[in-house]
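Shown next, in structure tokens, is the structure this report addresses.
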């Protein structure tokens with residue numbers, strides 16, 4: 001009986017999240033568009049500090065799903081701690097779809113243990129703005145020139161991400 005009640009509560013929580021997300025997505029103005037500027041882009045990192053993306057950043061890569069997030073984390077864990085800085089790259093993970101209790105009990109504590117910085121999208125509206133028109137099952141790699149988006153590419157896995165970062 002407890003399991004049934006818990007399942008129903010979780011189901012209603014996810015149903016509520018998806019309808020809010022759908023509404024936010026429909027109204028969202030996409031931020032990842034070739035030619036747009038990301039100057040002044042500020043998000044919280046995994047330690048809950050506001051971080052503004054440096055103006056000399058050349059690449060920002062985004063994970064919008066759990067599998068792409070795991071691929072990005074595995075890739076960066078295999079690299080030195082300063083890999084992102086050396087490549088003038090920033091990693092952004094969208095954790096907005098996860099229920100709040102899951103984020104606070106599991107996701108954020110795990111992310112705080114990582115040796116590399118991760119900027120987090122933790123809001124449905126912001127998530128919709130960054131993900132609108134993007135394939136959420138791919139790692140989205142945004143190439144910048146003076147913080148203006150010059151190209152948007154997709155990486156299907158760690159190997160493809162490395163090829164895009166090391167070109």
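Since every read-out is calculated from the coordinates, none of them should be taken as a lab result. Treat the numbers as computed from the prediction; the structure is a model and nothing was measured.
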In degrees, nearest 10, range 0 to 90: what is the angle between the Cα axis of helix 2-27 and the longest Cα principal axis of the chain? 40 degrees
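If you build the Cα gyration tensor of segment 59-125 and take the root of 5 times each eigenvalue, what three semi-axes come out, in whole angstrom, biggest first?
21, 13, 10
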Helix 66-77 versus the longest principal axis of the chain: what is the Cα-based angle in degrees, 0 to 90, to the nearest 10? 40 degrees
The chain: most fluctuating residue of 126, 84, 114 per GNM, C-alpha cutoff 10 Å: 114
For the chain, with a Gaussian network of springs between Cα atoms less than 10 Å apart, report the residue from 106, 61, 116 with the top mean-square fluctuation. 106
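Does segment 111-167 come out rounded, prolate or oblate by the C-alpha gyration tensor, with a ≥ b ≥ c the root eigenvalues, rounded set by a/c under 1.5 and, if not, prolate when a/b is larger than b/c and oblate if not? Please report the intermediate quantities before stating the final value.
Numbers: a/c = 1.43, a/b = 1.09, b/c = 1.32.
Cα axes put segment 111-167 in the rounded bin.
Per DSSP H run of at least 4 residues, take -39500 (n - 2.57); add these up for the chain, divide by its residues and hand me the 222 nm value, nearest 500 deg cm²/dmol.
On the way: 6 runs with 63 residues, N = 167.
Only helices count here, giving -11500 deg cm²/dmol.
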At q = 0.13, 0.18, 0.19, 0.20 Å⁻¹, what log₁₀ I(q)/I(0) does the chain have when each alpha carbon counts as one equal point scatterer in the Debye sum? -0.63, -1.18, -1.31, -1.44
